[in-house]
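Asks: The structure's right below; bear with me while I get my questions together.
The values are calculated or read from the model by the stated rules, or taken from the named source; none is laboratory data. These numbers were taken from a predicted model, which means no experiment stands behind them. Here the Cβ positions follow ideal geometry from the backbone for every residue, glycine too, while neighbour counts run over all protein chains shown. Side chains included, ligands, DNA and RNA excluded: accessible areas come from the protein's heavy atoms. Shrake-Rupley method; radii C 1.70, N 1.55, O 1.52, S 1.80 Å.
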Amino acid sequence: MAGEIDMNRFVHRILKSSTASSIACLGKSTSHNAPAVQQLVQQETQHAKILYFGEFHSEPRIISFQTELTKCWAKCLASPKLLTQAHDRPPRLHLIMEHFSVDMQSMLDQYQHQPGAAGDDSHHRQSFSSENEDEAFEELVGAYKNDFGTEGHDLRPYRNLLQFCRQTITRKQRGDGGEQAFCEVHIHGGFIPRYHAARLNKECPDIESKKTFFEEMTKRGYLPKEGDAMYHALFGDNSSFELRGTPEHRLLIQSLMSGTDLYSPSEVEAGHESVEEESPSSRLYQAQLLKDHAMGYRIASLMLDHYQSDDKLTLASDRYIVITGYGHVKHCLGVPDCVKGYLRQEALLHPDNQRRAAALDLLLSISRPPLATESNKFGGNGSVLVGCQMMYEAYLEDSYPPMIEAAKGVSDDDVDDDDDAAARLKQELLKDIFIQHPERLDEYILQSQEVSGPLLNFSNGVAGFEHPCADYLFVYDEDEDNIIDQADVVKASQAKCPFDSRTNSGMKDAKNETAEAYERVGATAGTKGNVARAQAIMTQIGYSDDDISYVGDDDIYNFQGVANPHSVAKIQPGEAVLDIGSGLGIDSFLAMRDCGADKHQPTSEDELSAPFVVGVDLAESEVKHATKRASQRGYSVPQRIQFIRGDIEKIDETFPIPLGKFDVCISNGAFCLVPDKYKAFGNVFRA
């Protein structure tokens, strides 16, 4: 498994459910630290008490996000403002991970050099004595596999994350670096050893065997003991020893196994078993609940212990990140629901007044969105859920026009070669829209049912979920071969202005090259091109169906633009329009419609009279073709529309129309080819 990859080197978006938009335009960034993650923490989540992160295990791109998020939050918690608020001690960040069982806590404490962590376990005390970070990590991996061997996760992709957590403690112990750039980050095991879930599923067919099993689990400390306040949150039915769950959660777990659509209103409840039925599915659900309850109990207990340390309420601003499989937290069900359930029972039934008060404070704190407050004895307000989804599930090849066209290019002959070429083209198109048009990428992702269903329309289906799948959804390109490098960024930045020479000779060469290229384009304008592709491109860059219909099949294949100037120009009836770089006339024809000149008859044979449109282009062949098509379309030429060969830099010399007669100027991809833009813009203003 590959290690972490810099977040700026792969396509990804962070979508916010409440606004149906992304956190930031990541594609515009080239800095080492992903600014969207900083924004997520600094503006969105830094005030939270707890953050749940639902992951797909050992995925390098997800782990890169987790590591960046942890670092940003640890940096925020080390700010002087929070240090002055935390009277008893500085704030700490606690990382609770599914990957480690609660039995591994002494191993984790020793890895982080926690004082007194080794106890009587001399083997582990010696194992983690190395000051070398890589050697200590390898010792951790060895102990994880050889001394325990119960969880089976691949820890190597998490190397940077785990080493960072260790360094926040060891560097402070050594006194390195003066003021701390990061708060301490403590790692905690979060799960019951996974083989116990298999035992519950396969070895507990009746009530008596279940009773014996749960007595063992409580004695081992994985679950609350009978008689404890939290014990009342454990079972939905004490007599049958069925763990507490909800119908919505059960439907969710079943759908993860069966693929059932829970978000379309057309889906019906038929086929789902009742909650009371004993079946293979219900036993699997109970095994899932065992892991959720054990982790929920672990988190609630840690939060209470930290909050009420030394048998008194403290002002410590500790925060929590929970990393677990997405299915354990999706829609705020599973682990988050269990945490609230255990805190609720503690607040209601614990005999100690301070313990009840602490549980109630924490319960109220995590039962709301993150809030910024001047003084906060909870050390954070609110909870946040982050989920993950692979980019391929957005099915851009079915909605993004350039990808649709790329797929059409695959023929039945040489399928393997065509598939490879189509895959490479898809990679380039995905990188291009990410770097240059990230907002548009967001739109296509959010249009996908696989994303919009659970993120935006979560309450519409059979389950009727109360919460979205996540407050923030990390959508990432899972293609390990599609890496963004500096060449991609440079290519995107240069695409807008290929001619940047400031010398006179350079300007002349650029202008001559442009004119020659478009003379060749004009010479072939009569050859009909791909209408469907032109329609797809125009749709993708913002032209409406009415625009495309007005242009018509006889002209649309000659579209040459890179954007839609009409959406900005807002041409009004009666206006005179100047089209710079008019090419083969497409935008000029649309301007005729918008200003109303296509319906006006000329007042005389010699004079232009508003409304009218004038197109200017360097290429004589394009001017001739556009003029011919204007006549064939029935426009009044030259009284209402003219195409002239001219140079916008020399408007006084070549422009036959008096300056000051125009109301609005449009241009579609032409100004990037003008060498002296300052002079050209000045001439447009005069016109």
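Asks: Using a basic spin-label model with each label point 7 Å from the Cα along Cα→Cβ, how many nm lie between residue 679 and residue 134?
Replies: In this crude label model, residue 679 to residue 134 measures out at 5.9 nm.
Asks: Summarise the long-distance tail of P(r) for region 139-266 by giving the % of C-alpha pairs beyond 24 Å.
Replies: The answer is 56 percent, as a whole percent.
Asks: Could you sort 79, 588 by their accessible area in this structure, using a 1.4 Å probe and putting the largest first?
Replies: I get 79, 588, largest accessible area first.
Asks: So, one more: Determine the share of region 639-687's accessible area contributed by carbon and sulfur atoms, expressed in whole percent, with a 1.4 angstrom probe.
Replies: Values: 1310 of 2450 Å².
Carbon with sulfur: 53 percent of the solvent-accessible area.
Asks: If you average the C-alpha positions of region 530-607 and of region 622-684 separately, how far apart do those two centres end up, in angstrom?
Replies: 14
Asks: On to the next question. Run the accessible area of region 531-598 with a 1.4 Å probe and give the carbon-and-sulfur part as a rounded percent.
Replies: After summing per-atom areas, the C and S share lands at 48 percent.
Asks: I would also like to ask the following. Take peptides 396-407, 216-227 and line them up by average Cβ neighbours within 10 Å, highest first, as a rough protection proxy.
Replies: 396-407, 216-227
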